[in-house]
Amino acid sequence: MNSVNLIAEYLDAESRLLARLERRLGVVHARQRLGIENDHAQRVFGGGGLNFFHPENWYSIQTLMRCALKMTRLYEKGRRNACNIELRRNRVQHVLIPEVFNGYRILHLSDLHLDMDEDITRSIIGAVRQVDYDVCVLTGDYRAQTFGSHDGALEGLKRLKSALKGDVYAVLGNHDSIRMLPAMEDMGYRLLLNEGVSIQRRSVSIQLAGVDDPHYYRVDNLQAAAEDNNLQQFSMLLSHTPEIFRQAAHAGFHFMMSGHTHGGQICFPGGIPITLDSDCPRFVGKGAWHWGGMLGYTSVGAGTSIIPIRFNCPPEITLHTLTSI
């Protein structure tokens, strides 16, 4: 096939992708997300997002850190730590949770970075197979890098999907490309990008909504996500980052699930993070928290970013159990 035919084939594929994304998301959302991705590789300083510094985009420091740690035994110890996935349990108790949803279990996965390290990916999939739950939610960052190929991440998502059961809802993170959406939905993941769904049990409903990445792409729209919320119904929000917790609480959500921070990933003894790479107070940086009338949980993530190691911050998958009052 000559170069002219290859170019024509590429342009046709791009046209079909854009048309599908515009049908799925609307013209403005699709073109905004694609446009930001196409402008430039994400920057280390400035360039977008709610904060100024983006260490996940500093690729030279990744190589330097990896080489420095490999000169010691710390690198292999950190990798072993990163493969030791823990199951964390969190009880979500709220007056609006209906009695029929008492004991309803939500498996929460975040920051998987499935194309970063094969051993970690296998550990995540193995851990997921051991858990009983009613619904699964994913709060973004399936790719290791913030630009370039996403084929490895999609392959990891395909393998993960075979280990999951029932309905799976997801949002995208700052590492993810909107180009992943068609393939993910074809696999059976339901992306919630500034939209919501009703979850029913014996004719009783609660609400689940999700927003597109608020951290770097700034394409979150809480008004659209909450459009179908009934203030008398229990409502939950998926957001890649907890940075929008104040806005989410004022929008009327009762429980927010997020990730992004990795809990610091490399922490001082006692789990004190060196940095959370997130423009939010540390009380929402990991684990369970509340603000105003909203409950929240920030997963430290199951995968790793920058380098595949963890210290004093074990990776997790989380089982939230709804409890009526």
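The values are calculated or read from the model by the stated rules, or taken from the named source; none is laboratory data. Note that the structure is a prediction, hence the values are computed from the model and not measured. Glycine also receives a Cβ, built like all others from the backbone with ideal geometry; neighbour counts cover every protein chain displayed.
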Checklist entry - When His175 is evaluated against the numbered criteria (1) closer than 19 Å to Val300 by Cα; (2) surrounded by fewer than 19 Cβ atoms within 10 Å (Cβ to Cβ); (3) of a type outside the set (A, V, I, L, M, F, W, C), which criterion, by number, is the only one it fails? => result (2)
Next on the checklist: Regarding the range 228-245, can at least one residue be identified that is assigned by TED's automatic domain parsing to the domain that holds Phe101, in contact with a Phe, Trp or Tyr (Cβ under 7 Å, 6 or more places away or on another chain), small (Gly, Ala, Ser) and under 18 Å from Glu86 (Cβ atoms)?
Outcome noted: no
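For (1) surrounded by fewer than 21 Cβ atoms within 10 Å (Cβ to Cβ); (2) at positive phi; (3) among the β-branched types (Val, Ile, Thr), each residue gets a yes or a no:
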{"residue": "Trp289", "(1), (2), (3)": "yes, no, no"}
{"residue": "Ser305", "(1), (2), (3)": "no, no, no"}
{"residue": "Asn312", "(1), (2), (3)": "yes, yes, no"}
{"residue": "Thr321", "(1), (2), (3)": "yes, no, yes"}
Item to check | Residues located in the range 82-103, provided they are of a type outside the set (Gly, Ala, Ser) and either modelled with pLDDT under 95 or over 21 Å from the mean Cα position of the chain (by Cα) (or both) | outcome: Gln93, His94, Val95, Leu96, Ile97, Pro98, Glu99, Val100, Phe101, Asn102
Checklist outcome for this item: Scanning the range 222-249 residue by residue, the ones that are part of a loop (DSSP other than H, G, I, E, B) and either among the β-branched types (Val, Ile, Thr) or out of contact with any strand residue (DSSP E or B) (no Cβ under 9 Å at 6 or more places or on another chain) (or both) total 3
Checklist entry - Quick one: which of Leu208, Leu172, Leu193, Leu164 is farther than 18 Å from Ala30 by Cα, in contact with a strand residue (DSSP E or B) (Cβ under 9 Å, 6 or more places away or on another chain) and in contact (Cβ under 8 Å) with a residue 60 or more places away in the chain? => result Leu208
Item to check | Residues within the range 255-289 that are among the polar types (S, T, N, Q) and either farther than 25 Å from Asp220 by Cα or in contact with a Lys or Arg (Cβ under 9 Å, 6 or more places away or on another chain) (or both), tallied | outcome: 2
Checklist entry - Is one or more of the residues making up the range 131-154 touching a residue at least 40 places away in the same chain (Cβ under 8 Å), in contact with a Gly (Cβ under 9 Å, 6 or more places away or on another chain), surrounded by fewer than 22 Cβ atoms within 10 Å (Cβ to Cβ) and more than 25 Å from Glu76 (Cβ to Cβ)? => result yes
Checklist entry - Going through the range 199-218 one residue at a time, which ones are aliphatic (A, V, I, L, M) and surrounded by 20 or more Cβ atoms within 10 Å (Cβ to Cβ)? => result Ile206, Leu208, Ala209, Val211
Next on the checklist: Condition first: under 21 Å from Val95 (Cβ atoms) and at pLDDT below 90. Can you find one or more residues in the range 232-248 that meet it?
Outcome noted: yes
Checklist outcome for this item: Apart from one, (1) within 30 Å of Met236 (Cβ to Cβ); (2) surrounded by 12 or more Cβ atoms within 10 Å (Cβ to Cβ); (3) modelled with pLDDT of 95 or more all hold for Glu56; the odd one out is (3)
